[in-house]
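J.: Structure in structure tokens, see below.
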Amino acid sequence: MVIGYQTLKGFMPRRNIFLPTLCIVLLIAVWAFRAPPSSVEKWIDTSAIRGATPAKAPSSSGPPTQYGNGNGNDVDLSAPDAPFVGWPLRRVCDEANWVEGLVYICDNNSGGIGNIRNYIQTCIRYGIEAGATGLLLPRIRKRNETDLADLFTDYLPFDYMFDERHFRDAFAANCPQITLYDDIKDIPGVGSKPAVEHITPKKFGNRDGCDWRDQNRHTDRFGDRFRKWLHDAKGSGRPAPSATHPRLIRFDWGVLWDWLTYRDGPEFANTFGGILRFNDQLLRLGKATLENMHAFARANGVEDGRFLGVHLRTESDALGFWPTYNTQTDAYLKQATKRGFEVAYIATGDSLEAQNFAGAAIELAQMRVVTKADLLDDDDYAELESLTWDQQGVIDFIVLLGSDFFVGTMPSSFSVYMAMKRHLKTGGVYTRPYKVGTEGDGLSYLVGNYEKYWEGWLFMWDGMWP
Ligand SMILES: *[C@@H]1O[C@H](CO)[C@@H](O)[C@H](O)[C@H]1NC(C)=O
Ligand SMILES: *[C@@H]1O[C@H](CO)[C@@H](O)[C@H](O)[C@H]1NC(C)=O
């Protein structure tokens, strides 16, 4: 069985453009029977252009012209190497209230790729709102490879996972008010013993009546309140920052999923994540693996190379209340059967569980399953082996992004990020929020418990920039 829209392959918007286009074609056909030929041709030309635009984005409600110049909606933001669409960031930066000598330090970023990204992005988003004119280039905490739940070993440089050039260019082009520093020592006026102040941004929210876990409902109030504290020596106990006397701010650990991303509008929510692009090595190896996956599917009789992407999250650091191996496997194989997949790619950091799943998939769904290690040979395999556990997770991420349907699990931030990133296919820059817990966009399904906002970690969907 083949689901119709899934046969349209590649990085194209799928069902959302197909139906409107069909309607337009039918309208044109009906109209053509009733009008004289000469005017029909003229009408078709312009209507085809006019008709195609609203299906993707409401061009009339696009950005103000100084941010226009092509609004970037022709870019497929779900591609791992999508170009950065910078005007929403530029607009946010143009609206900020900049403070000389204020520097944000976003360097305690840990966990897997979903968490690391959110730590960095949340911290930078707050930093812009605060008016920080300086930013230390983010670093990443290395996970302990023998104790996967230990997330805080060495500090690794930004390019451990991300493309530093791309990050710098994104800020230079769109947020030139911010200076990026490689090292605390490089910050002017910092002295030999830099004092770093720790804050929790929620303490600057209007929180009367909130659940203590609630995100900042009014992140738009954060800037004013933070700067009031910053400039009030009684509050912070320090003089206001200046070019010669900087103030360095770091968050108390654990500030993530704290910013309600859609408050900035879909165009910012959907593009801000683009500041963090995977580094060239990970992109290259990920794409090579994806290519081999399509070849594997074709070699197994799947002509168009389509495959199911599976994220099995049962490794040793998964928490007790997460869906079990059996729950995940049942749900995934049901989707495989329902959608007629004959081959699948499985991402898991546990090779034994991958084998178990592959056995169950052949038996119960006549589906062949492979991992990245099965798909790479020689030099590529050696390169894969040289990567850390979390870097290898990025290879999985790139392959799964290219799958024809994705199944994952709540409350894994890796799975949530995947579903949100894939969802960007549906509307580009103006993509509306993913309908959590549904199969609504036809691209992904996450098994899990969607009953409780906090205990079920549904809040991740509201605080993530894909
Ligand atoms: C990693 O974890 C192991 C086992 O708990 C421990 O022996 C080792 O010292 C840890 N390594 C680092 C770098 O923290
Ligand atoms: C980084 O996070 C860990 C985890 O809670 C914490 O123990 C540590 O103090 C943090 N480091 C800094 C420099 O904030």
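J.: Would you mind computing Rg(Cα) / (2.2 N^0.38 Å) for the range 337-414, counting N as its residues?
T.: Relative to the 2.2 N^0.38 Å estimate, the range 337-414 comes out at 1.13.
J.: Using a cut-off of 18 Å between alpha-carbon atoms, which aspartates and glutamates can reach K202, once sequence neighbours fewer than 8 places away in the same chain are excluded?
T.: Those aspartates and glutamates meeting the cut-off are E129, D211, D214, D220, D224, D252, D258, D264, D462.
J.: To continue, here is another question. May I ask you to sort D94, D390, D107 by Cβ crowding, counting other Cβ atoms within 10 Å and putting the fewest first?
T.: Numbers: D94 12, D390 24, D107 20.
If I rank by nearby Cβ atoms, fewest first, I get D94, D107, D390.
J.: Moving on to the next point. Could you list R368, R313, R238 so that the one with the fewest beta carbons within 10 Å of its beta carbon is first and the one with the most is last?
T.: Working: R368 18, R313 23, R238 13.
Neighbour counts put them in this order, fewest first: R238, R368, R313.
J.: Now, a different point. Normalised by the number of residues in the range 77-275, what is the relative contact order in percent for Cα pairs under 8 Å and 6+ residues apart?
T.: Relative contact order comes out at 29 percent.
J.: Taking the Cβ-Cβ separation of H198 and E95 as r and a Förster radius of 25 Å, what is the calculated FRET efficiency to the nearest 0.05?
T.: It comes to 0.40.
J.: Okay, next question. Using label points projected 7 Å from each Cα along Cα→Cβ, tell me how many nm separate W229 and R432, to one decimal.
T.: That separation, rounded to one decimal, is 3.6 nm.
J.: At 7 Å along the Cα-to-beta-carbon direction for both D154 and E342, put a label point, then send me their distance in nm to one decimal.
T.: According to this spin-label approximation, the distance is 4.6 nm.
J.: Can you tell me which of 147-154, 454-461 comes out highest on packing, and rank the rest after it, using the mean Cβ neighbours within 10 Å?
T.: Taking the mean over residues of other Cβ atoms within 10 Å, the ranking is 454-461, 147-154.
J.: Would the range 275-413 count as rounded, prolate or oblate if I go by the C-alpha gyration tensor, calling it rounded below 1.5 in a/c and otherwise prolate when a/b exceeds b/c, oblate otherwise?
T.: Numbers: a/c = 1.67, a/b = 1.13, b/c = 1.48.
Because a/c hits 1.5 or more and a/b fails to exceed b/c, the range 275-413 counts as oblate.
J.: Same structure, new question: Taking a label point 7 Å from the Cα of N144 along the Cα→Cβ vector, which residues of the range 298-337 have an amide N closer than 20 Å to it?
T.: 315-320
J.: Then there is this: At a 10 Å Cβ-Cβ cut-off, how would you order W322, W259, W465, fewest neighbours first?
T.: Details: W322 17, W259 27, W465 24.
In order of increasing Cβ crowding within 10 Å: W322, W465, W259.
J.: Tell me, what is the percent relative contact order of the range 280-409, built from C-alpha pairs under 8 Å that lie six or more residues apart?
T.: Working: 175 pairs, mean separation 51.2, N = 130.
Normalised by residue count, the contact order of the range 280-409 is 39 percent.
Any read-out appearing in this document is the output of simple, stated calculations on the displayed coordinates, not a laboratory observation. None of these values were measured; they are calculated from a predicted model. In this analysis, Cβ positions are derived from the backbone assuming ideal geometry, glycine residues included, and neighbour counts consider all displayed protein chains.
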